[in-house]
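Chemist: Attaching a single structure in structure tokens format; questions to follow.
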Amino acid sequence: MHDLSNRERLTASGVVMDFAGLRALDDVSLSLGQHEIVGLIGPNGSGKTTLVNVLSGALAPTAGTVTIDGEKVTGLAPRKISHAGLVRTFQTVRLFGTLSVYENVQLGALGAGIRRSQAAAKAHELLELFGIDHLRDVLGDSLSYGQKRIVEILRAIATDCNYLLLDEPAAGLNEEESDRLLGQLSNIPDQFGCGILIIDHDMNLIMRLCQRLHVLNQGKTIAEGTPEQVRANPTVVEAYLGSQAAPEAGAS
Amino acid sequence: MTQLSRLPLARKTLPVIITLGALVVIAVGVSLFGSTVTNRIVTVMFVHVVLVLGLQLFMGNSGILSFAHVGFMAIGAYGSALMSIPAENKSRSLPNLYEPLMGVELGFLPAILVGAATAGLFAAITGVALMRLSDTAAAISSFALLVIINVVLSQWNEVTNGPRTLSGILKYTDMWTAFGWAAIGVIVAFLFKESSLGMKLRASRDNLHAADAIGINVTRTRWISFVFSAFIAGLAGGLWAHFITSFQPDALYFEMTFLVLMMLVVGGPHTITGATLGVIIVTVVNEGLRSIENNLALSGALPFKTVGMTEIVLAVVLIIMLALRPGGIIHTVELGGGVGRRRELQTSASSQKGTRR
């Protein structure tokens with residue numbers, strides 16, 4: 001099935017994931033363009049990380065297909081998927097701890113097969129662009145949590161990917177750091193032609209950052225739409241947002 | 001700005017200069033003031049530098065423990081000896097050698113290169129399976145490989161003279177030859193560590209899943225490094241064989257493996273300055289203990305036998321080291337590789353504090 005409209009999209013259709021009798025994902029379909037930010041939200045255990053694992057190749061789905069720019073990539077190894085243009089970050093930051101920030105970011109480019117001199121130039125450019133040039137020779141392990149998050153994202157961007165999956169990038173950040181992250185993330189789609197699928201529990205961040213939201217509950221899609229539509233959706237409020245969203249919705 | 005851009009270069013070159021400088025001082029010191037005995041000890045030490053840096057290149061950068069490298073050294077030793085032993089000696093020391101090999105008589109350099117290439121080839125074949133494994137499975141398999149190599153060398157009468165001593169090898173390696181190769185080894189190890197291959201390997205050591213997720217082919221990266229590292233171990237074997245001139249398979253087995261791993265672990269497997277320092281320290285301690293052991297035995301001052309004391313003391317030292325400093329003496333940042341790093345850390349720490357407030 002070669003759909004021309006999916007030429008520049010990441011799509012998942014009818015994805016089912018079973019773990020020994022437990023259905024973690026049940027017929028989930030989702031799509032992401034190269035110039036948008038989509039939020040993936042839902043309560044704990046609703047299948048968000050499982051979906052990211054399926055998309056990034058860490059898990060092979062029981063049923064359903066994943067395509068990147070129209071090419072079917074279902075069940076390919078993470079390395080192959082990253083070469084196809086989709087790179088993820090992890091719920092717990094996974095930096096190369098004994099390597100410098102500069103080397104960490106460079107490795108993203110090297111992993112994508114970019115030549116050394118170009119990789120170095122790219123890393124340099126990204127560090128300047130995100131204002132962490134002063135950290136370039138600091139080892140990964142010596143960074144603060146917030147800095148590690150940013151470096152991990154830059155390492156992913158350095159691969160020249162078209163789709164970025166961020167698994168809870170704001171977890172463990174304070175309000176100020178999370179605000180700065182919001183500003184930096186919102187520019188990525190236009191700057192790099194790289195669409196973002198983001199999981200996070202920080203509703204303030206998600207509502208301000210995303211153009212569209214996709215809500216999962218117990219492995220099923222329960223709502224899709226703009227932040228306003230989702231916030232007004234009674235099923236979502238009951239299952240996930242609860243009282244958290246009600247006063248906010250009232251205030252706006 | 002110019003100062004800032006010069007710092008990383010100093011960080012990369014200063015450790016090389018320090019390591020080479022230390023080796024030069026030792027070589028010059030021994031050639032001026034050393035006895036025949038110290039000359040011999042230091043020559044073997046330089047060969048060990050080549051071997052340990054070959055091992056560091058793979059083990060230090062990939063984080064995978066390898067017991068097989070002394071086996072690769074043995075292949076290099078036998079392979080090069082077969083190439084260089086003069087035909088007249090061969091008919092005496094290896095009377096049953098296959099006819100085509102009987103007449104082969106290469107010079108020193110081509111002989112040790114052939115030996116090293118044989119070790120590399122063997123690593124290339126076994127590495128296809130071995131490099132898919134991680135952690136304990138990889139370590140145990142590499143141990144099995146060492147045993148296999150030893151058993152084959154001990155049984156292959158035609159080529160190795162079996163478990164008996166192989167003799168008739170010409171003495172080509174002297175202290176300065178060994179020094180030269182050790183210096184090349186240091187430079188190659190540093191270049192490899194900073195190359196894109198070395199960086200990918202270190203990335204896979206620090207976080208396998210993250211390396212995979214950004215598209216690094218970990219198995220292939222490991223395999224290439226394993227083969228290259230086996231080649232260097234084979235080269236060390238060739239140098240060793242043409243210094244010792246007569247040896248048997250068991251000379252390159254458990255005892256040497258233990259000694260070499262100890263050198264790497266004590267000094268610090270992640271750093272080249274550490275690995276080199278480990279070779280120097282363990283050589284000094286080992287030789288010191290050995291001479292104490294011999295003197296005690298000769299003097300008859302003790303009512304019991306002192307054989308094996310050296311190994312016991314070394315083992316205790318290793319255990320203490322692992323408990324107190326598990327990453328080795330120089331564990332993460334190369335000696336001389338931290339120029340200006342502390343100041344940068346301070347500025348980054350203070351800017352963090354600023355944002356938290």
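Chemist: Quick one: which of B:71-82, A:208-219 comes out on top by average Cβ neighbours within 10 Å, and what's the full order, highest first?
Modeler: B:71-82, A:208-219
Chemist: While we're here: Given the options B:VAL70, B:VAL114, B:VAL316, state which has the largest fluctuation in a GNM of chain B using a 10 Å cut-off (strictly under) for Cα springs.
Modeler: B:VAL316
Chemist: I need to check one value: relative contact order of segment B:8-253, counting alpha carbon pairs closer than 8 Å and at least 6 residues apart, in percent.
Modeler: Computed over segment B:8-253, the figure is 38 percent.
Chemist: So which of A:LYS48/A:LYS122; A:LYS72/A:LYS220; A:LYS148/A:LYS220; A:LYS48/A:LYS80; A:LYS122/B:LYS193 end up more than 25 Å apart, counting from Cα to Cα?
Modeler: A:LYS48/A:LYS122; A:LYS148/A:LYS220
Chemist: How shielded is A:110-117 by partner chains, expressed as the average number of their Cβ atoms within 10 Å of its Cβ atoms?
Modeler: Taking the mean over all residues of the peptide, I get 4.
Chemist: Mind checking which of B:HIS48, B:HIS209, B:HIS331 has the largest fluctuation in a GNM of chain B, springs on alpha carbons under 10 Å?
Modeler: Largest GNM mean-square fluctuation: B:HIS209.
Chemist: Treat chain B as a sphere of radius equal to its Kirkwood radius over Cα pairs and apply Stokes-Einstein at 37 °C in a medium of 0.692 mPa s; give the translational diffusion coefficient in µm²/s, rounded to a whole number.
Modeler: 152
Chemist: How many Cβ atoms of partner chains, on average, are near each residue of B:199-211 if near means within 10 Å of its Cβ?
Modeler: Counting other chains' Cβ atoms within 10 Å and averaging over B:199-211 gives 6.
Chemist: Further question on the same structure: With a cap of 16 neighbouring Cβ atoms within 10 Å, and only residues DSSP puts in a loop, list the trypsin sites (Lys or Arg not before Pro) found in segment A:1-65.
Modeler: A:ARG7
Chemist: For segment A:73-223, just say rounded, prolate or oblate: build the C-alpha gyration tensor, square-root its eigenvalues into a ≥ b ≥ c, call rounded for a/c under 1.5, and beyond that prolate if a/b exceeds b/c, oblate if not.
Modeler: Cα axes put segment A:73-223 in the oblate bin.
Chemist: Pairwise over distinct Cα atoms, reciprocal of the mean inverse distance: report the Kirkwood radius of segment B:79-149 in Å, one decimal place.
Modeler: 14.1
Chemist: Looking at chain B as a GNM with Cα springs under 10 Å, which of B:THR332, B:THR283, B:THR173 has the largest mean-square fluctuation?
Modeler: The residue with the greatest mean-square fluctuation here is B:THR332.
Chemist: If you take the beta carbon distance between B:ASN89 and B:GLU255 as r and set R0 to 35 Å, what does 1/(1 + (r/R0)^6) give as a FRET efficiency, to the nearest 0.05?
Modeler: Efficiency at R0 = 35 Å is approximately 0.80.
Chemist: Let me ask another. Give a residue-ordered list of calculated ³J(HN,Hα) values for segment B:321-327 (Karplus: 6.51 cos²θ - 1.76 cosθ + 1.60, θ = phi - 60°; whole Hz; x for Gly, Pro).
Modeler: The phi angles translate into 4, 5, 6, 7, 9, x, x Hz.
Chemist: Let me ask something additional. Counting partner chain Cβ atoms within 10 Å of every residue's Cβ in B:212-225, what's the average?
Modeler: Mean partner-chain Cβ count within 10 Å for B:212-225: 6.
Chemist: State whether segment B:227-317 is rounded, prolate or oblate according to the following rule on the C-alpha gyration tensor (a ≥ b ≥ c being the square roots of its eigenvalues): a/c under 1.5 gives rounded; otherwise a/b larger than b/c gives prolate, and the remaining case gives oblate.
Modeler: Cα axes put segment B:227-317 in the oblate bin.
Chemist: For B:LYS200, give me every one of the lysines with a C-alpha distance below 16 angstrom, ignoring sequence neighbours fewer than eight places off in its own chain.
Modeler: B:LYS200 reaches no qualifying lysines.
Chemist: Another question about this same structure. Using only alpha carbon positions, build the gyration tensor of the protein assembly as shown, then give the equivalent ellipsoid semi-axes as the square roots of 5 times its eigenvalues, largest first, whole angstrom.
Modeler: 56, 27, 21
Chemist: Moving to a separate point now. As an exercise, take the mean of 1/r over every pair of distinct alpha carbons in segment A:63-105, invert it, and state the Kirkwood radius in angstroms.
Modeler: In segment A:63-105 this quantity evaluates to 12.5 Å.
Chemist: Classify segment B:22-133 as rounded, prolate or oblate from the Cα gyration tensor: take a ≥ b ≥ c as the square roots of its eigenvalues, call it rounded if a/c is under 1.5, otherwise prolate when a/b beats b/c and oblate if not.
Modeler: Oblate, because a/c is 1.5 or more while a/b does not exceed b/c.
Chemist: Using only Cα atoms, figure out Rg for chain A and give it as a multiple of 2.2 N^0.38 Å.
Modeler: Rounded to two decimals, the normalised Rg is 1.00.
Chemist: Order B:189-199, B:133-143 from most to least packed using the mean count of other Cβ atoms within 10 Å.
Modeler: Most protected by this proxy first, the peptides run B:189-199, B:133-143.
Chemist: Could you give the C-alpha radius of gyration of segment A:1-103 expressed as a fraction of 2.2 N^0.38 Å, taking N as the number of residues it contains?
Modeler: Compared with the compact-globule rule of thumb, segment A:1-103 sits at 1.15.
Chemist: Which of the trypsin sites (Lys or Arg not before Pro) found in segment A:61-140 are loop residues per DSSP with 15 or fewer other Cβ atoms within 10 Å of their Cβ?
Modeler: Taking segment A:61-140 and a limit of 15 other Cβ atoms within 10 Å, the loop trypsin sites (Lys or Arg not before Pro) found are A:ARG115.
Chemist: A further question on this structure: If the reach is capped at under 28 angstrom between alpha carbons, list the lysines near B:LYS171, excluding any in the same chain fewer than eight residues apart.
Modeler: B:LYS90
Chemist: If you don't mind, there's one more thing I want to ask. Please report, for the Cα atoms of segment B:102-182, the Rg to one decimal and the Dmax as a whole number; what are they, in angstrom?
Modeler: Reported Rg and Dmax, both Å: 16.1, 44.
Values quoted throughout were computed directly from the atomic coordinates according to the rules given, and no laboratory measurement underlies them. The structure displayed is predicted, hence computed values, not measured ones. Please note: Cβ atoms are built from the backbone with ideal geometry, for glycine as well, and neighbour counts cover all protein chains shown.
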